[in-house]
Every structure is written in structure tokens, then in C-alpha cells.
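Following this message is one structure expressed as C-alpha cells.
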2 protein chains.
Amino acid sequence: MSTFKSTTKNIDVKDQAKLAQEASKKLALLSEKDKNEALLVIADTLESETGFILEQNKQDLVNGENNDFSEALMDRLRLTEDRVKEFANGLREVVELKDPPVGEILSDWTLDNGLNVEQVRVPLGVVGMIYEARPNVTVDATGLALKSGNAIVLKGGSNAIHSNSAIVSVIHKALRATKIPEDAVQFIASTDREAAGQLFTMKEHIDVLIPRGGGNLIKTVVENATVPVLETGVGNCHIYMDQFADIDKALSIMENAKTDRPAVCNAAETFIFHEAWLNDHAGQVTALFEKYDIEVHGDEKAAELLPDVIPANEKDWAEEYLSLAVAVKVVSSVEEAVVHIERYGTKHSEAIVTENPENAVTFLNRVDAAAVYHNASTRFTDGSALGFGAEIGISTQKLHARGPMGLPALTTIKYRMTGDGQVR
Amino acid sequence: MSTFKSTTKNIDVKDQAKLAQEASKKLALLSEKDKNEALLVIADTLESETGFILEQNKQDLVNGENNDFSEALMDRLRLTEDRVKEFANGLREVVELKDPPVGEILSDWTLDNGLNVEQVRVPLGVVGMIYEARPNVTVDATGLALKSGNAIVLKGGSNAIHSNSAIVSVIHKALRATKIPEDAVQFIASTDREAAGQLFTMKEHIDVLIPRGGGNLIKTVVENATVPVLETGVGNCHIYMDQFADIDKALSIMENAKTDRPAVCNAAETFIFHEAWLNDHAGQVTALFEKYDIEVHGDEKAAELLPDVIPANEKDWAEEYLSLAVAVKVVSSVEEAVVHIERYGTKHSEAIVTENPENAVTFLNRVDAAAVYHNASTRFTDGSALGFGAEIGISTQKLHARGPMGLPALTTIKYRMTGDGQVR
């Protein structure tokens, strides 16, 4: 039995945000070396305190069993020695990331009057992270925030309250041996909704809110926040099999985008088929669907060409199934496919499979999404797949950051002007 | 008497936003040449329809006289042949701007599996502009939006309704002779507040809201919008005269920042003096204040060192006077100045005057603002002063764009992936 004590306290949310803000000022002035050393200490401490973390995690698991949580949720909640080791290694990978060099001069120029203008990269300040029952977010988000010179206020889901509290206590213990102030990581221990709500409007102390979780959580934050929000990831992603799609590419892209990890946001939710193409390849498409026992919700033409099609309703076109179900729409042109995506897409990731360069260009230019693909799976919309290292989320909005958000999304710029008495 | 007819209609705001969105899709595909030609046609048409615009403007002026508007407001409302010519020339300057090349590839790389990744600059889509009684914003914002490939929905102040409606009608007439769809410029003709309110939550059709005007307008938008907001410009700017300030630089910077254009957001509102410095230079500072009849609201130490000081209260430290009044705070260190700015500043523009490099670095690093200055006037926080050309506003938030926002602030990116069947 560990004698480790919790350092997360049930204090006023506003006071916590203020403490984070004060800490962020010191943090912003630390060197990359200081920040990296701190992350390595956190990684080591997470490993050495695994026993305490697992013991606290057990409380969340017992609570989950008592409340009949789904196996998927229990799986997300459950920590093991290996998982804690993964958390620690994740932080060690963040240490290796070069970006973003806070203090980097992005551009500089001198006005005719001699005034020197520099655009300098600086941290955002205080990041508010609002998330659901994934304790890994506690570690990942803290690592990315600290690496980029930001303080962080964490509000995790109540289902993981003991696990998250334990992880943050360990992080606090670790920070006491580093140059990063302990207060740079604040954990909202209260599980009532009002506590999260307070974060939404704390513009004086919090610079950005990042909600991570289901559509309802994100919607609540967007609708109620006056603090700027980095909106992340509902993905109703489409794969369009054009009239000129290569059958092998189409089958492997559909298989990968739908079945590799159906529950993630870059998985495909709708297949759009050109009618002539589906007519020629219905057998192979059916074989793919049957291989994975995929539930097909389709329009009338889909029902004519494919077996076992459940009639699709308006809701199906907008649905993020996150399971082995798919909506199927049959069209007669790339334009019709684009119009369907415009109407129902969530501007996340959209793909065309075709050997016709003109249709590919039409699709890539006209579809408005964070990522548009020609002959590849939508699954690549991911920070680590694209080489950004860890990601803080996938932005489906257009301001500040779009698509996978790596460390630069947690920074901003300031103009630094150096003169000799210049006036206008 | 012109026979020109108004084309701005009192139709449903949502329908207008949808029309703008449809138009934005066509606009996004136009070449720079097409967009530039259209802007030149608008410029010429504004000049040739000056009579109509002035005639409509008269209605707003009569209304203003009947309602006893201030001379400052009347001045902002009043159009003349020269002012309309300035609008047209402003558009011609926007045509000359190179940035932002929509379609520009900001970076590209190839993954190990051969998937090619491009980060491409694209327009935001539909810009919602909410502003007060300055008819020039109607022209400036339209020019910047169209040049960057965006449609725009304009909601101007009711005091300028006839002028704005006339200007938009002229723009519509001009667009009919160009490749830009007329619907790309929508004008909300309704003057009721509900109409503006509808824009706040129209996330499906509007990509960004930009409020321009007083603090109350901006606050209303930020508090009520679910559409992402680019927050612009309340500027409570400070000039700190350090212990080691050069007297000549200090006097000319104070004079310029306070008196050149007191009503603009980059004008100074508070002077912070190092006590020892003010003690040595009180006479010259007093002479400056007297020369411009500047009203001084100061703390106790200021009252000891300067004549005619009105005791400052808490409100004075936060006040954006926008007139020949100034708050005066006396401190005994650069740290104390930084703490005062942290507490009361609006993160717009902050300056230190000093010959001491260490104090300058402390100030520039520690003050969190869009622009920080060493030995120069805060008046340079301005798109045209910095060489960006026209600006859509000055951002005082940290996400997406900070400081003067030129054309790039009206664009975003998308990832364009080209593969050969790649899956994860």
C-alpha cells in the first residue's frame, strides 16, 4: 500500500486558474532544457509511482462495475503497469520533439524609419483542457502544454476522477524537483458540472479551451464558452469511389478506413459510390462488407445493387457510427458526391478514389475539410502519422489550427519592436 | 437625382448567409486576376456612382442631426466626394497586395509510404463583419474579404444604414460585370438587434465573426457567439518611462502616442513613470501636458510631483479614454510597471522607454501583449504602418491572428494528400 498523498485539492476553480496563470509567467521564461528535464522527471516519477496510480485507478474501476459501465468505457478507464509505462514513454517522445521553439523569430524586418519589427513565437499562456474518461489525456495534454511553455488546467471526466487525481499528484511531486512551478498543472477535483462551467467564461485567466471527447461535450463547450475554443474532432468522413476508381485501391482504402479502428474520428462513416462503378464491382464490395459483417444503411440505388441494405434515413447521412456500420450513397457524378459531403460532412477528412486526374482535382479543390485525400485512407489525419509527434487533438474548425494539432497549435506570436525613439 | 436602385433587401438573415456560402464556393475557385479585376470595377463604380452614395448619405446625416449626434459621430458618418474617392483608392491598393496567395503551398512532404502531404492556403469561406457607424468599413472589409477569396456578410450600425446600403448596392452593380457572384457580398438591411444576433450562432454558414467598434459591441459578440470570433481592438496601452529613459525620446514618444490620434486603439492611455526619473523631469513632463491641455488622473505620488492631478480611481487604470486624458502611475521598478500592465492592460500595445538593455529585455519578455515596444511609440501597431497593407482589424486575442490582421488572417489551410492506395 503506497503512502503517497494526493496533492489535488478541492479549491475554488477561479483560484486554481489564477495560480496557473501566475505559474505560466514563470514557465514562459524557462529554457527548453529546463522544460525537457522536468518532463523526464515526470516520466520517471510516473513509473516509480505506478503502484499508487493503479491503486487509485481501482476505485474508478470498482465504481464503473457498480454502475454497469460498458466494456469499451471500462477498457478506456483501466490502467496497467504497461499503460503507465506508455504514458512515461509518451512524455519521453515529447521531449524529443523539436517544435515549437518558443522564442523563435518567425520573421523580422526594419521599417524605413529604422524601427525593427520581430514576430516572436510565445506560449499561449494557460490551456484549459476539458475531457472525458481517458486518463492518458491527463498525461499527454500536460506534456504538450509544459513542453510548449503553457500552464494547464485539467478538467477530466468524473468517471476517471481517482485515476486523474492520482496522476496529477504524481506530476506535482515530480515538478517539485524541477524548475517548473507545481502550480503550472491544475486539476479540477470537483466533479460537479458547475466547476467546468466556470472555466468556460474565465477569459481573464485562461487563454484557450480544448474540449476532447464526444460531440455533446464539444457542443456544450462551444455553446457556452467566451474563452476562445479550439474545437476538435467529430469526424463524419466520406470515401468516394469515383467512376474511375481502381478496384484494388478502393477495396483496401475502404477496408482500412472503416475497419482498422472504427471508433476513432478519422475512420470512414459513409461510402459514396459512383453508380456505374458500383454496378461493375458490387460483388467485391459485398464480399468486403460480409468479411467484416458491416451493417449497411443505404439509399434506394444502394439497395438495388447490394444485399441486406437497411434503408438510410436523414440521420444516417450525418451519423458518426464509430462502429462497423456504414452509410452508402450512390451518385452519378463527382459533383453530386461533393454536394453530399458539403451537406453532411464535418470538415474533418474526405477521400476520393479515382484514376481520373480531373475528377481528383475537382474533389480536392471543392471539398472544404481539414484534410482531403486522393487515393489514400482518411486514417492518416493524425499527428503522429503525419510526423508531428504527439497531438493535442484534431481541429475541425478553421481558425488558428486546422487538422492534427501538434505543439505549434499551443503557441501564438507577439510583435517585438525595437526603436530609437521612433514616432508616427 | 440619381435613378440608381437599391439592391439590398430585407430578406431573412439565414437565407442571406446561405447565399453568401454558396457564392463563397465559386469565389474560392477564382484566380487572383479575376478577383483583382472585380475590385477595380468596384472602385470605378464607386466613383461613378458618387452622386447616389452622397444622396443616400444625406439621409443618415439628417437623421443624425435630428437625433443630436455628437460632432465626432457626425464626422465619421459624413461622406464627401473626396472620401468616396479614398474608398476607391483603398480598393486599388488592396489589388496591389501580393498576400495571401490562395492556393499557395505552405509546406509539403512525403511520408515513408509515399503519401504526399501538402499544406495549402485556402480562404476561410464566409466572413461576418459586425461594425458601427463607419461606412468606410463597408468598403474596406469587402475589399479584403473578396481579395482573399471570402464571401462577406455585413452588419453595419443603424446610424449609417442608408450610406451602407447605397455602397453595397453600388458594389452589387459593379459585381454584375465581373466573375465574382453578386451574392458574395450580403448586407443585413434590418436594423433590429435580433438580425445581428442571428449571425452569432450561424456556425453552419459563417466561418468567422469580426466585430469592429466599441468595447460593448465586441463584448456582446464574444459573449453570445458560437461562431468563432476574431476579437479586435480595445487598447488600454501603457508607456513606461524607466529610470533610465532618455528624456527626448520619452517626450516625443509620449507626445506621439497620446496626442497624434487620441481616439484610436493604439494611442496611449496610461503613462507609468519611474519615480526617480519623474522627479528629475517633472518640469518637462508638465510642459508637455500643458501644451496639449492633457487631463491627468494620477496616483498619490503623481500628485506630489505634477500639478493639477485628479486623483485616479480603479476605473482610471482600466479606462480607454480615447481623448486628451491620461492616467499616471508612479512606480519604483520595471517589475512594478510590468505587474501594473498585467493587471490593467488589454494585451494590445505596451512600450518601455529606457537606455538600460536589461530593463528593456525584462519588459519585452514579460509583458504579454500583441505588440511590445522598446523606445518607440505604440502608434505603430497598425497594418499599414507595419507594411501589411490594409488591415481588417487589430486582434487582441491570441488564437489565429495577433496584432494587426492583414489578408492572411482571412485565410486558413487544408491538408491535401495524394497517394497511390496508401492505408495505415
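How many percent of DSSP beta bridges within chain A run antiparallel, rounded to 5?
On the way: 17 of 56 bridges.
That works out to approximately 30 percent antiparallel.
So what's the angle, to the nearest 10 degrees on a 0 to 90 scale, between helix B:32-48 and the longest Cα principal axis of chain B?
Roughly 80 degrees, rounded to the nearest 10.
So for chain A, taking the charge dipole from beta-carbon charges (+1 Lys/Arg, -1 Asp/Glu), which of A:Ile53, A:Val122, A:Thr378 sits furthest toward the positive end?
A:Val122
Hey, got the average number of other protein chain Cβ atoms within 10 angstrom for residues in A:344-356?
Values: counts 0, 0, 0, 3, 0, 2, 0, 2, 0, 2, 0, 0, 0.
Going residue by residue through A:344-356 and averaging, the value is 1.
How crowded by other chains is A:366-378, given as the mean number of beta carbons from other chains within 10 Å of each beta carbon?
6
Oh, and also: Order by neighbour count: B:Lys315, B:Lys258, A:Lys25, fewest other Cβ atoms within 10 Å first, most last. Numbers along the way, then the final one.
Numbers: B:Lys315 9, B:Lys258 28, A:Lys25 17.
Result, fewest neighbours first: B:Lys315, A:Lys25, B:Lys258.
If the only charges are +1 at each Lys and Arg Cβ and -1 at each Asp and Glu Cβ, what is the size of the charge dipole of region B:237-384 around the Cα centre, to the nearest 20 debye?
Charge dipole, region B:237-384, about its Cα centre: 380 debye, nearest 20.
Using a Gaussian network model on chain A with a 10 Å cutoff between Cα atoms, which of A:His238, A:His205, A:His340 fluctuates the most?
A:His340
Next question, about the same structure. Distances in nm, one decimal, shortest first, from A:Asp108 to the same residue in every other copy, taking the label point 7 angstrom along Cα→Cβ.
Nearest to farthest, the other copies are at 3.2 nm.
Could you quickly flag the chain A residue whose beta carbon comes closest to the rotation axis taking A to B, and that distance in whole angstrom?
A:His400, 2
For chain B, what is the calculated [θ] at 222 nm in deg cm²/dmol (nearest 500), taking -39500 (n - 2.57) for each run of four or more DSSP H residues and dividing by its residue count?
For chain B, the value works out to -13000 deg cm²/dmol.
To the nearest 20 Debye, how big is the dipole of the protein assembly as shown about its Cα centre, given +1 on the beta carbon of each Lys and Arg and -1 on that of each Asp and Glu?
Numbers: 84 positive and 128 negative charges, 26 e Å.
The calculation lands at about 120 debye.
Let me ask something else. Need one number: nm distance between label points at A:Glu223 and A:Lys85, each 7 Å from Cα along Cα→Cβ, rounded to one decimal.
Each label point lies 7 Å from its Cα, and together they span 4.5 nm.
Would you tell me the mean number of C-beta atoms belonging to other protein chains that fall within 10 Å of each C-beta in B:224-231, as a whole number?
On the way: counts 1, 2, 7, 2, 9, 3, 2, 3.
Mean partner-chain Cβ count within 10 Å for B:224-231: 4.
Of B:Ser323, B:Val339, B:Ile294, which is farthest on the positive side of the dipole of region B:237-384, counting Cα position, with +1 on Lys and Arg Cβ, -1 on Asp and Glu Cβ, and the Cα centre as origin?
Looking along the dipole axis, the top candidate is B:Ser323.
If you take the charge dipole of chain B about its Cα centre, with +1 on Lys and Arg Cβ and -1 on Asp and Glu Cβ, which of B:Ala160, B:Thr270, B:Pro311 is farthest toward its positive end?
Of the listed residues, the answer is B:Ala160.
Please find, in a Gaussian network model of chain B (springs between Cα atoms separated by less than 10 Å), the residue of B:Gly125, B:Gly403, B:Gly214 whose mean-square fluctuation is greatest.
So, out of B:Gly125, B:Gly403, B:Gly214, the one fluctuating most is B:Gly214.
At A:Asp15, label 7 Å along Cα→Cβ: distances to the other copies, nm, ascending?
Result for A:Asp15, in nm, nearest copy first: 5.6.
What is the set of long-range amide H partners of B:Gln422 at a cut-off below 5 Å, with H atoms built 1.01 Å from backbone N?
A:Ser377
Once the other residues with Cβ under 13 Å from the Cβ of B:Leu305 are scored (Lys, Arg +1; Asp, Glu -1), what is the net sum?
That sum, taken over residues with Cβ under 13 Å, equals -4.
Quickly rank B:169-178, A:27-36 as a protection proxy: mean count of other C-beta atoms within 10 Å, highest first.
With the highest mean Cβ count within 10 Å placed first, the list reads B:169-178, A:27-36.
Between the helical axis of B:81-96 and the dominant principal axis of chain B, each derived from Cα atoms, what acute angle in degrees is found, rounded to the nearest 10?
Compared with the principal axis, the helix lies near 80 degrees.
Amide H of A:His400 versus every other amide H placed in the peptide plane: which residues, excluding those fewer than 5 positions away on the same chain, fall under 5 Å?
B:His400
Report the residue, chosen from B:Tyr131, B:Tyr344, B:Tyr292, that carries the largest GNM mean-square fluctuation when chain B is represented by alpha-carbon nodes joined by springs under 10 Å.
Of B:Tyr131, B:Tyr344, B:Tyr292, the most mobile in the Gaussian network model is B:Tyr292.
Taking other Cβ within 10 Å of each residue's Cβ, how do B:Arg212, B:Arg76, A:Arg343, A:Arg424 sort, fewest first?
Values: B:Arg212 22, B:Arg76 19, A:Arg343 9, A:Arg424 16.
Placing the least packed residue first, the sequence is A:Arg343, A:Arg424, B:Arg76, B:Arg212.
Using θ = phi - 60° and the Karplus form 6.51 cos²θ - 1.76 cosθ + 1.60, what ³J(HN,Hα) does each residue of region A:390-400 get, whole Hz, x for Gly and Pro?
Taking θ as phi minus 60°, the curve returns 4, 10, 8, x, 10, 6, 10, 9, 9, 7, 6 Hz for region A:390-400.
While we're on this one: Angle check, please: helix A:334-344 long axis (alpha carbons) against the longest principal axis of chain A (alpha carbons), in degrees 0 to 90, nearest 10.
For helix A:334-344, the angle is close to 50 degrees.
Sticking with this structure for a sec: Please state the shape class of region B:237-384: rounded when a/c is under 1.5, otherwise prolate if a/b exceeds b/c and oblate if not, all from the C-alpha gyration tensor. Walk me through the numbers before you get to the answer.
Numbers: a/c = 1.30, a/b = 1.12, b/c = 1.17.
Rounded is the answer for region B:237-384, as its axis ratio a/c remains below 1.5.
Another one. Under unit Cβ charges (Lys, Arg +1; Asp, Glu -1), what dipole magnitude, rounded to 20 debye, does chain B have relative to its Cα centre?
In total the dipole reaches around 1980 debye.
Taking the DSSP beta bridges in the protein assembly as shown as the whole, what percent of them are antiparallel, to the nearest 5?
30 percent
Evaluate E = 1/(1 + (r/R0)^6) for B:Tyr292 and B:Glu194, where r is the Cβ-Cβ distance and R0 equals 56 Å; express this FRET efficiency to the nearest 0.05.
After rounding, the FRET efficiency stands at 0.80.
While we're looking at this one, here's another question. Taking each label point as 7 Å beyond Cα in the direction of the beta carbon, state the distances from B:Ile247 to the same residue in the other copies, shortest first, in nm.
9.2
How large are Rg and Dmax for the protein assembly as shown when only the alpha carbon atoms are used, in Å?
Values for the protein assembly as shown (Cα only, Rg and Dmax): 28.8, 93 Å.
Hey, another quick one. What's the FRET efficiency of A:Lys14 with B:Lys179 using the Cβ-Cβ distance as r and R₀ = 35 Å, to the nearest 0.05?
Working from the Cβ atoms, E equals 0.10.
A short reminder: the numbers here are calculations on the coordinates, not readings from a lab. All figures in this text were calculated on a predicted structure; none of them were measured in a lab. Using ideal geometry, Cβ is built from the backbone for each residue, glycine included, and neighbour counts are taken over all protein chains shown.
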